[in-house]
């Protein structure tokens, strides 16, 4: 039985599928020399990559080749390395490499891969400056993702404790190198950013590790980490290795710090500085309040002066009242003196009218033995005892006879 | 009674910058900053000035108390923990 002849399409389809299943053929780097380079009117670049032992057709399509086509052109004879996949093209019966990245040879493989990924994620917008968020001015809670045993943890917590102990630290330990690091770091970022309730989340996250070789830092160029950072709802600060190490995580982060210590400095305000700022605000408030109360005081003084001017002249009135009072006192004094003088006059007159004064002039006063004044002759009878008083003394006498019409008693007052 | 031209009552103005019980530093500081700015702008009555100044000092004291506060706490979020 002759072997069954297969149709061509079956064979070519089989070859195509065979290559598609082979993961080594779908993601590989190839180094060689460029020849037969052409650029189609649509912008696709076609060339043959060859070396001493072989040749491979390459297609570098327009949507992938912008950089090479416009900025860093490839030329025939260039030694390059390309990244892409091997594909069987059934219609043409040809095998070709679909290139998604190309760059000059001589760069290390790791660096080339780094550049390839950088181009890819840049294209995707992961590094978009417009997406970068401001860090909180005064963080409430600070997330830290790094190795528990590394220097980075110590550096970060030391700086935070000095500068901004107000904010609690939420620390998620994770391996930062090795095969599981990319997935672990990515998970740590998600656990802080998305898994926690919003109020329990930190409001800024530091992700990083201390220095090491490019291979040691490689986890921070891996896609899971980059995607987790990109998707994190709060700002992320990257702090990987030293100043000169740049990872893709640095490019995705909202802010890149050259070292873990520097990341802590960026995230945390300086407590002393803020204290000074608070005191300065207090001084401003004090100065302004003083100024305002000063204005009020001056206004009060001005008003008081106006009121003073508008009021009746109390001083003048007081002066006048005093003058009146003085006048009245003077009058009163004078009245009193006159009264005294009048009183003295009256007293003299009263004196003149008293019997004593008459006696002084030589008259005598007759009274009965009982002491009643005997102002008339009829007041005494013959034989009655009487008393006769002169100015210098008195004598008892007896009435010897009565004589009508004659001076009383004849004897009485006869010796005056 | 309050017409559009009446100054805002001093106690209302003061309440606008009042402290909350569990305000974080940011809230306290931004209010303090706002009070200082308001005082700097001027155009306030004496009552308003004194009320704001009093409020500002309370905010400043709270801010400084927070700044002087204790040691930093560190909480560890374990793998698989929520």
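Since every read-out is calculated from the coordinates, none of them should be taken as a lab result. What you are looking at is a predicted structure, and each value in this text was computed from that prediction instead of being measured. FYI the Cβ positions are ideal-geometry reconstructions off the backbone, even for glycines, and counts take in every protein chain you see.
See the values below:
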item: Among beta bridges that DSSP assigns inside the protein assembly as shown, antiparallel share in %, nearest 5; result: 60 percent
item: For chain A: rounded, prolate or oblate by the Cα gyration tensor [a/c cutoff 1.5]; result: prolate
item: Shielding of A:184-193 by partner chains, average beta-carbon count, 10 Å; result: 1
item: Degrees separating the helix B:46-67 axis from the principal Cα axis of chain B, which is the longest one; result: 10 degrees
item: Most mobile listed residue (A:81, A:206, A:189) in chain A, GNM with C-alpha springs under 10 Å; result: A:81
item: Per-residue mean of C-beta atoms belonging to partner chains within 10 Å, peptide A:275-282; result: 6
item: Chain A: relative contact order as a whole-number percent, Cα under 8 Å and 6+ apart; result: 9 percent
item: Angle in degrees between helix A:8-21 and the longest Cα principal axis of chain A, rounded to the nearest 10; result: 40 degrees
item: FRET efficiency, residue B:40 to residue A:18 (Cβ-Cβ, R0 60 Å, nearest 0.05); result: 0.20
item: Distance in nm between pseudo-label sites at residue A:57 and residue A:71 (7 Å out along the Cβ direction from Cα); result: 3.1 nm
item: Peptides ranked, highest mean first, by Cβ atoms within 10 Å: ranges A:87-96, A:170-179; result: A:170-179, A:87-96
item: Neighbour-count order for A:220, B:25, fewest beta carbons within 10 angstrom listed first; result: B:25, A:220
item: Anisotropy class of segment A:141-269 from Cα gyration tensor, a/c 1.5 cut; result: oblate
item: Shielding of A:255-261 by partner chains, average beta-carbon count, 10 Å; result: 0
item: Shape category assigned to segment A:1-112 from the gyration tensor of Cα positions, a/c cut at 1.5; result: prolate
item: Mean Cβ neighbour count within 10 Å, used as a protection proxy, ranking A:15-22, A:343-350, A:295-302, A:156-163 highest first; result: A:156-163, A:15-22, A:295-302, A:343-350
item: Over segment A:8-124, relative contact order from alpha-carbon pairs under 8 Å, at least 6 apart, %; result: 26 percent
item: Segment A:174-321, relative contact order in percent, only Cα pairs under 8 angstrom and at least six apart counted; result: 18 percent
item: Acute angle (nearest 10 degrees) that the helix A:181-190 long axis makes with the longest principal axis of chain A, alpha-carbon atoms; result: 40 degrees
item: Helix-only mean residue ellipticity at 222 nm for chain B, each DSSP H run of n ≥ 4 adding -39500 (n - 2.57), per residue, nearest 500; result: -18000 deg cm²/dmol
item: Fluctuation leader among A:321, A:82, A:11 - chain A, Gaussian network, Cα springs under 10 angstrom; result: A:321
